[in-house]
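**Student:** Below: one structure in structure tokens.
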Amino acid sequence: MKKTICVIGLGYIGLPTSSLLATKGFKVTGVDVNPKVVDSINRGQVHIVEPDLDVLVKSAVHSGNLSASLQPQPSDIFIIAVPTPFGEHKKPDTRYVEAATSALVPHLAEGNLVILESTVPVGTTQNVVADTIFAQRPELKGQIAIAHCPERVLPGQILRELIENDRVVGGIDSQSTEAAADFYLQFVNGEVLVTDAATAEMAKLTENSYRDVNIAFANELSMICDELQINVWELIRLANRHPRVNILNPGPGVGGHCIAVDPWFIVSSAPETARLIRTAREVNDFKPEWVIDKVRQRAGRFKHPVVGCLGISFKADIDDVRESPALEIVKTLLRETDMEVLVTDPFAAPLPDFDLLPITEVLKRADIVLVLVDHKPYRKLSAAALKEKIVIDTRGMLS
Ligand code: SAJ
């Protein structure tokens, strides 16, 4: 008999995971609190932009192996893939994990496997998921498996990375670890690496903090180089020719729902000790302000400056604007300056605060061209299109 899986949360991780599992022969129920999301998936449509996801969802739904619902239902395996934002004072907010766990508790039965894929502060798999389940269903102690297996996929390459990436799996006990590892081995081509739940939680936070600290180094360099009148892009190219140096790219700041958020989970668990991790977050969070200041300086010479902003998503070639530094810069320029701000983005959906214009119009009218995202179509911009413009290129796209 086909194994049944219930995936709670049909966002950037839950939806690709559900559809992939459905095409691998599992019978999957995807659960989301948003009725519009549930309806559109049941029609075989997607509500997020990710290469090839539309085709995968369509075929998963048409095969009869994937359906969406507002409520969980009894299954062999439950996967929680809900967001974990931060709340006030950058403290992790695990309410969605708590709600998802409570929703599945009545449907659990002996022999089930519960997997938490959401990125969470250390201790959550035990203290939130396991404790909630066993408080309400003490008879299931020792009878079900509970494990953390953090998602590690890169937006823009989710479908490939879901299969190819190595996975870290950590259970609340060794039977749980083993059961979860057996499950991932059925569809992952990468290695499945086993540990305990707390180490798996910390591994995920560490990966994103590693990247944040390294981007902060690049961003700090870009500000130092500006002061010293050195081209940071040339500098990085040269330094990276050293066999043991690999500096990342400076940008307008760090966005997305992961790297700009997860390091705070470590800071909140070890506030006195996580000094470098906190500082990196502060350096990256300061970068949009620094860019805005650059625009103000360059705009000083115009009576009615027109700034053309290229891109609002948090990185190239996606539509996602969550925690986007580009969007933050655009909104601040609109709110706090008298400049005329023209905005363009080939992928992002329209927002209430401003219009998205065609790039040709933005380039024609702007005095200052502010490159915020290095979307593919922009990389072909000709020198002629930027002639006589002041260009502030936060991505080094034109260097
Ligand atoms: N960025 C730079 N310079 C760089 C690289 C990135 O400024 O050299 C910026 C991007 O423009 C963007 C932000 O950092 O604003 C994050 O982009 P990203 O491509 O580094 O990462 P995400 O947020 O799309 O995905 C990350 C990935 N984590 C790592 O690479 C360690 C992904 O594997 C995780 O699954 C994902 O977070 C997640 O869900 O946690």
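The values are calculated or read from the model by the stated rules, or taken from the named source; none is laboratory data. Quick caveat: nothing in here was measured; it's all calculated off a predicted structure. With ideal geometry, Cβ positions are generated from the backbone for all residues, glycine too; neighbour counts draw on all protein chains shown. Side chains included, ligands, DNA and RNA excluded: accessible areas come from the protein's heavy atoms. Shrake-Rupley method; radii C 1.70, N 1.55, O 1.52, S 1.80 Å.
**Student:** Near the amide H of VAL194, under 5 Å away, which other amide H atoms are found, from residues 5 or more places off or on another chain, if H is placed in the peptide plane?
**Tutor:** VAL169
**Student:** A further question follows. Provide, for q = 0.19 Å⁻¹, the log10 of I(q)/I(0) from a solvent-free Debye sum over equal Cα point scatterers in the stretch 306-399.
**Tutor:** Calculated log10 I(q)/I(0) at the listed q: -0.83.
**Student:** While we're on this one: Tell me, what HN-Hα J-couplings in whole Hz come from the Karplus equation 6.51 cos²θ - 1.76 cosθ + 1.60 at θ = phi - 60° for each residue of the stretch 253-259, using x for Gly and Pro?
**Tutor:** With coefficients 6.51, -1.76 and 1.60, one gets x, 10, x, x, 8, 10, 5 Hz.
**Student:** Additional query: Calculated from DSSP H runs of 4 or more alone, at -39500 (n - 2.57) each and per residue, what is the 222 nm mean residue ellipticity of the chain, nearest 500?
**Tutor:** Mean residue ellipticity, 222 nm, calculated: -12000 deg cm²/dmol.
**Student:** For the stretch 4-202, what does the relative contact order come out to in percent, with C-alpha contacts under 8 Å and a separation of six or more?
**Tutor:** For the stretch 4-202, the relative contact order is 18 percent.
**Student:** Taking the alpha-carbon set of the stretch 230-326, what are its Rg and Dmax in Å?
**Tutor:** 16.6, 50
**Student:** If you don't mind, there's one more thing I want to ask. What are the residues whose amide H is under 5 Å from the amide H of ILE79, where those residues sit 5 or more places off or on another chain and H is modelled from the backbone?
**Tutor:** CYS6, VAL7, ILE8, ILE115
**Student:** Mind checking the per residue accessible area of the chain for me, 1.4 Å probe, whole number of Å²?
**Tutor:** For the chain, the solvent-accessible area averages 48 Å² per residue.
**Student:** Can you work out the Karplus-derived ³J(HN,Hα) for every residue in the stretch 108-124? Use 6.51 cos²θ - 1.76 cosθ + 1.60 with θ = phi - 60°, whole Hz, and x for glycine or proline.
**Tutor:** 6, 9, 3, x, 6, 10, 10, 10, 9, 9, 4, 6, 9, x, 4, x, 5
**Student:** Taking LYS294 as the anchor, which lysines have their alpha carbon closer than 23 Å to its alpha carbon, excluding any fewer than eight residues away along the same chain?
**Tutor:** Once the sequence-local lysines are set aside, what remains near LYS294 is LYS303, LYS315, LYS331, LYS364, LYS387, LYS389.
**Student:** Now, a different point. Taking 1 over the mean of 1/r across every pair of different Cα atoms in the stretch 206-393, what Kirkwood radius in Å do you get?
**Tutor:** That comes to 17.5 Å for the stretch 206-393.
**Student:** Using Cα positions and a limit of under 15 Å, work out the aspartates and glutamates in reach of LYS141, with same-chain residues fewer than 8 apart set aside.
**Tutor:** GLU110, ASP131, ASP173
**Student:** With a 1.4 Å probe and every protein chain kept in, tell me what percent of the accessible surface of the stretch 4-202 is carbon plus sulfur.
**Tutor:** Taking all protein chains in place, the stretch 4-202 shows 52 percent carbon and sulfur surface.
**Student:** Here is a further query. With labels modelled as points extended 7 Å from the Cα through the Cβ direction, what inter-label distance (nm, one decimal) is found for LEU356 paired with LEU70?
**Tutor:** 3.0
**Student:** Would you mind putting 110-119, 302-311, 252-261, 89-98 in packing order, based on average other-beta-carbon counts within 10 Å, highest first?
**Tutor:** Going from most to least packed, we get 252-261, 110-119, 302-311, 89-98.
**Student:** As an exercise, use a Förster radius of 25 Å and the Cβ-Cβ distance of SER269 and ARG95 to find the FRET efficiency, rounded to the nearest 0.05.
**Tutor:** Given R0 = 25 Å and the Cβ-Cβ separation, E is 0.90.
**Student:** Per the Kirkwood definition applied to all pairs of different Cα atoms, how many angstroms is the hydrodynamic radius of the stretch 1-110?
**Tutor:** Evaluated on the stretch 1-110, it is 14.1 Å.
**Student:** Here's something else I'd like to know. Can you give me the distance in nm between label points at GLN186 and GLU340, each placed 7 Å from the Cα along the Cα-to-Cβ direction?
**Tutor:** Label at GLN186, label at GLU340, 6.0 nm between them.
**Student:** Follow-up. Hey, got the dipole for the stretch 4-202? About the Cα centre, +1 on K and R Cβ, -1 on D and E Cβ, debye to the nearest 20?
**Tutor:** Using Cβ point charges on Lys, Arg, Asp and Glu, the stretch 4-202 gives about 480 debye.
**Student:** Here's something else I'd like to know. Excluding same-chain residues fewer than 8 positions from LYS24, which lysines have a Cα within less than 24 Å of its Cα?
**Tutor:** Filter leaves LYS2, LYS3, LYS58.
**Student:** What number in nm² do you get for the chain if you take the convex hull of its Cα atoms and divide its surface by four?
**Tutor:** 21.4
**Student:** Only Lys, Arg, Asp and Glu count, each charged at its Cβ (+1, +1, -1, -1), so figure out the dipole size of the chain about its Cα centre, rounded to 20 debye.
**Tutor:** The calculated dipole for the chain is roughly 880 debye.
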